[in-house]
Amino acid sequence: MSLDELLLDLIGGNLVVLLLAGFLVLCVLLGVRIVPQSEKHVVERFGRLRAVLGPGINFIVPFLDRVAHKVSILERQLPNASQDAITADNVLVQVETSVFYRILEPEKTVYRIRDVDAAIATTVAGIVRAEIGKMELDEVQSNRAALISTIKGNVEDAVDNWGIEVTRAEILDVNLDQQTRDAMLQQLNAERARRAQVTEAEGRKRAVELAADADLYATEQAAKARRVSAEAEAYATQVVAEAIAKNGLEAAQYQVALKQVEALVALGSGDGKQTIVLPANALDAFADAFTLLTGRKP
């Protein structure tokens, strides 16, 4: 037997084994699917939905099943969209929106909607126009958080059949035409002027109130001073009365003489001290005071 015949016999005997080994390798390659964490795979059998493969190692039937769609389950952001809307008070505004979503059920997304991004963008535009049409311009500007929450809830209801979760909806900006901007600026300036006038008037009112409080306080303090002075005078009078009651008329004569002396001293210390006018009985007042002080009668 020649060498060529020997090689043909070896190849012919192992050909079936080689083909079988190749078939097994091909089955393993077609039947084992490793799905990344960020994806889900939709498997079809003869054109019909068979299963949805999650992350990790999965097994399918070779030659019967095939991975028809590889869907990312990462959160996505739609391109910023701008649409015109008219408020309840007939003001034209241009609203810029942005929507974030992710796919939860790929089988619904791939079999129920062709272009999910365009469908969501169209849905958001319609909902934004409808919601802004219910509000006046001032409400749109001041209640933006409530408006965003309403839009997000309505979008979630609309895309529920597509296997999508809307994670966030944002109103990035609300633009106005130039005429509306000028009118709002005039209104803002008028409001600032009004607030300034009110503040100035409140300041004048507060100043008047403080001045009145100061006058009232001064009056109260003067009244208190007069009351203290009256109480002191009453006390002095009481002491003199007790002295008269205890020591007789001499105590009263002594007080009178003492007052006369004090009056003469005050007169002498005035600006006209070079010329002193004395009553005729001035010396008698000194004598009476000295006599009463020593306890002798005149």
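Annotations
- Quarter of Cα convex hull surface for the range 179-242, i.e. mean projection, nm²: 4.2
- Proximal charge balance of Glu165 [Cβ under 13 Å; K/R count +1, D/E count -1]: 0
- Net charge of Cβ neighbours under 12 Å - reference Lys70; Lys, Arg +1; Asp, Glu -1: +2
- Backbone phi angles across the range 87-103, fed through the Karplus curve with coefficients 6.51, -1.76 and 1.60 (θ = phi - 60°), yield HN-Hα couplings of 6, 5, 9, 6, 10, 7, 10, 10, 9, 9, 10, 9, 10, 10, 8, 8, 8 Hz in residue order; Gly and Pro are listed as x.
- For the range 150-213, alpha-carbon Rg relative to the globular expectation (2.2 N^0.38 Å, N residues): 2.29
- Per-residue Karplus couplings for the range 61-77, computed as 6.51 cos²θ - 1.76 cosθ + 1.60 with θ equal to phi - 60°, are listed in order as 7, x, 6, 9, 9, 8, 7, 8, 9, 10, 10, 7, 9, 6, 5, 10, 10 Hz, Gly and Pro entered as x.
- Accessible area, probe 1.4 Å, largest first, for residues Arg144, Arg129: Arg129, Arg144
- Hull shadow area, averaged, the range 28-136 [alpha-carbon convex hull, nm²]: 7.9
- Database remark: amide H of Arg50 closer than 5 angstrom to the amide H of Val43, Glu44, Arg45 (H placed geometrically; neighbours at sequence offset of 5 or more, or on other chains; Pro and chain starts carry no H).
- Sum of side-chain charges, Thr97 neighbourhood, beta-carbon under 13 Å (Lys, Arg +1; Asp, Glu -1): -1
- With R₀ set to 45 Å, the beta-carbon distance separating Ala183 from Ala211 gives a calculated FRET efficiency near 0.60.
The values are calculated or read from the model by the stated rules, or taken from the named source; none is laboratory data. None of these values were measured; they are calculated from a predicted model. With ideal geometry, Cβ positions are generated from the backbone for all residues, glycine too; neighbour counts draw on all protein chains shown. Each accessible area value is taken on the protein alone, full model and side chains, heavy atoms only, with ligands, DNA and RNA left out. Shrake-Rupley method; radii C 1.70, N 1.55, O 1.52, S 1.80 Å.
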